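The values are calculated or read from the model by the stated rules, or taken from the named source; none is laboratory data. These figures come from a predicted structure and were not determined experimentally. Methodologically, a virtual Cβ is constructed for each residue, glycine included, from the backbone with ideal geometry; neighbour enumeration extends over all protein chains shown.
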Amino acid sequence: AEDLFSKHGFYGVTIREVAREAGVDTALVHYYFGAKRELFDAVFLRRAEVWNSERVDAINRYAEKMGEAMTLEGVLEAFLRPPFEWSLKGGPGWKHYAALVAQTNASPTFGGETMARYFDPAIRRLIELIAQVLPGSREVDLYWAYHNLSGALTLTLGETGRLDRLSNGLCRSGDLETAGDYMVRFAAAGFRAVCGSSDVRPA
């Protein structure tokens, strides 16, 4: 199911197709998961729990170790590294999941509700720590800065190949080690720029 959802999206997959790929009867899928949305939620939750647990543990360990010496880059590195590592080393299932999260985060129908349900507690903890290393930041600026990071993160983990073509092969979207390093630097600069000024200028 995860592979199918990641390739075709929620609306492009039927329970019958999921059952066929799993080699089971459609009734069995309905028995264990109910409707398609319940199956999708079960697929989404399974790896979200791993991502969230590792990210929250990582930033909490970093905060405990560094105390007042925490840096913005350090907090972001601790939070961002786990999903990159899983996608790099966790096998095809984690690649499929990263693509699924990217699709869901961009979905105007149920993406916001789904992402909020599974990821908001971890993200709120991240924002708490960023507020500590950027004292005086306005709450509205912190949330807008994270909103931009969220889109960049899920697009990058989706490995769409867009960057490969845009850069004529100079960069590879599958080079997640490099992408992670750039993400930390880019996000840190963005948070500082947004949270260091209340002057918002239209494009």
Starting from residues that are at pLDDT 75 or above and of a type in the set (Gly, Ala, Ser), keep the ones in segment 7-57 and report whichever is nearest to Thr160 (Cα to Cα).
Gly12
Tabulated pairs, segment 1-12, first touching a residue at least 60 places away in the same chain (Cβ under 8 Å) and closer than 18 Å to Arg46 by Cβ, second small (Gly, Ala, Ser) and part of a helix (DSSP H, G or I), C-beta under 7 angstrom, 6+ apart or interchain
Glu2/Gly93; Ser6/Ala99
Please identify the pairs in which a residue from segment 37-48 that is without any contact (Cβ under 8 Å) to a residue 40 or more places away in the chain has its Cβ atom under 7 Å from the Cβ atom of a residue that is surrounded by 14 or more Cβ atoms within 10 Å (Cβ to Cβ) and not in a helix (DSSP H, G or I), counting only partners at least 6 apart or on another chain.
Leu39/Ala1; Phe40/Phe10
Residue satisfying condition, being closer than 18 Å to Tyr97 by Cα and surrounded by 13 or more Cβ atoms within 10 Å (Cβ to Cβ), within set Ala48, Ala19
Ala48
Identify the single condition in (1) surrounded by 19 or more Cβ atoms within 10 Å (Cβ to Cβ); (2) of a type in the set (Val, Ile, Thr); (3) closer than 27 Å to Phe10 by Cβ that Val75 does not satisfy, given that it satisfies every other one.
(3)
Counting only helices (runs of 4 or more DSSP H) wholly inside segment 5-93, the ones holding at least 1 residues that are polar (S, T, N, Q), within 24 Å of Ile130 (Cα to Cα) and out of contact with any Ser or Thr (no Cβ under 6 Å at 6 or more places or on another chain) are 36-66
Suppose the filter is outside any helix (DSSP H, G or I), modelled with pLDDT of 95 or more and either within 21 Å of Pro82 (Cα to Cα) or not aliphatic (A, V, I, L, M) (or both); does Ser137 pass it?
yes
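Yes/no matrix, rows are residues, columns are (1) over 11 Å from the mean Cα position of the chain (by Cα); (2) among the aliphatic types (A, V, I, L, M):
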site: His96; (1), (2): yes, no
site: Thr104; (1), (2): no, no
site: Gly112; (1), (2): yes, no
site: Asn148; (1), (2): yes, no
site: Leu157; (1), (2): no, yes
Quick count over segment 153-189, residues being polar (S, T, N, Q) and in a helix (DSSP H, G or I), is 3
